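Enquirer: Dumping the structure here so I can ask a few things about it.
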Amino acid sequence: MPLRPADSPGTARSDRLGPDDWTRVALLAIAEKGAKNVSVERLARELGTTKGSFYWHFKDRTALIDAALERWERDFTDRVIEQLSTIEDPRQRFRALLETTFTDQPGIVIDANLIADAGDPAVGAALERAARKRLAFVDRIFAQIGTPGGSDRALLAFSAYVGLAQLRRTAPLLTPKSRRAKAYIDHACVWLLGDG
């Protein structure tokens with residue numbers, strides 16, 4: 001399940017902590033400042049527990065990062081694709097996909113911070129897997145619509161998402177919000193789908 005504001009550190013009781021608690025706070029740390037921000041000591045403090053609890057579930061920090069990346073890929077790629085795949089009309093599915101980029105703040109910020117850490121082999125591999133899945137999903141939407149140059153348009157749409165993620169990371173005040181976000185989505189649908 002994607003991160004929600006209620007999923008704040010310190011809410012879990014240390015006697016019930018499991019791997020999901022550790023990966024949740026690891027993703028929150030990544031959302032703040034990237035994978036380099038994941039410190040076992042700090043996460044233990046935030047969870048109100050000791051490092052011993054961590055080592056009960058994970059061999060080391062690398063294992064935690066790997067588990068957090070798996071959770072990120074599952075929650076912010078696989079589950080999003082599954083949910084959007086239930087929308088029959090491919091045009092509406094594409095619009096809903098664009099809307100998630102403006103409502104899924106934790107996911108897009110995590111993406112941007114992971115992109116900044118793409119030189120790390122584990123992070124780079126996770127980013128590539130997610131990118132392949134995401135791009136294939138968008139490519140299928142364009143193929144269903146039958147838009148000329150669909151694969152190129154799918155790549156352009158995905159590139160715009162990556163750019164928006166970076167903008168959220170580097171200059172968040174410049175990202176479209178509220179009515180401007182709706183207008184951005186409307187224009188993107190016209191430009192990329194050929195609607196209008």
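Enquirer: Tally Lys/Arg at +1 and Asp/Glu at -1 over every other residue whose Cβ is under 14 Å from the Cβ of Q166; what's the total?
Expert: With Lys, Arg at +1 and Asp, Glu at -1, the neighbours total 0.
Enquirer: Same structure again: With axes computed from alpha carbons, what is the tilt in degrees of helix 105-116 against the longest principal axis of the chain, rounded to the nearest 10 within 0 to 90?
Expert: Its long axis makes an angle of about 80 degrees.
Enquirer: If r is the Cβ-Cβ distance from R42 to D20 and R0 is 22 Å, what FRET efficiency results, to the nearest 0.05?
Expert: E(calc), rounded to 0.05, equals 0.75.
Enquirer: Could you compute the longest span of the chain free of trypsin sites (Lys or Arg not before Pro) located in DSSP loops and having at most 15 other Cβ atoms within 10 Å, not counting the site residues?
Expert: After excluding every exposed loop site, the longest remaining stretch is 60-176.
Enquirer: For region 17-93, state which GluC sites (Glu not before Pro) are in a DSSP loop and have at most 12 other beta carbons lying within 10 Å of their beta carbon.
Expert: Qualifying residues, ordered by number: E88.
Enquirer: Mind telling me which of T170, T103, T86 comes out most flexible in a GNM of the chain, alpha-carbon contacts under 10 Å?
Expert: Among T170, T103, T86, the largest mean-square fluctuation in the Gaussian network model of the chain belongs to T86.
Enquirer: Anyone know which of I65, I87, I185 comes out most mobile in the 10 Å Cα GNM of the chain?
Expert: I87
Enquirer: If you don't mind, there's one more thing I want to ask. So how far, in whole Å, is the C-alpha centre of region 167-186 from the one of region 129-154?
Expert: Centre-to-centre (Cα) distance: 23 Å.
Enquirer: Something else about it: I'm spelling it out carefully: the read-out is Cα Rg over 2.2 N^0.38 Å, the candidates are [x] 1.11; [y] 0.97; [z] 1.85, and one was derived from this structure. Which label?
Expert: Answer label, from the structure shown: [x].
Enquirer: Defining a contact as two alpha carbons under 8 Å apart and six or more residues distant in sequence, what relative contact order in percent does the chain show?
Expert: Contact order relative to length: 20 percent.
Enquirer: Using a basic spin-label model with each label point 7 Å from the Cα along Cα→Cβ, how many nm lie between D186 and R132?
Expert: For the pair D186/R132, the computed spacing is 3.9 nm.
No lab work stands behind these numbers, since they all come straight from the coordinates. Keep in mind that what you see is a predicted model, and the values were worked out from it rather than measured. As a convention, Cβ positions derive from the backbone with ideal geometry for all residues, glycine included, and neighbour counts pool all protein chains shown.
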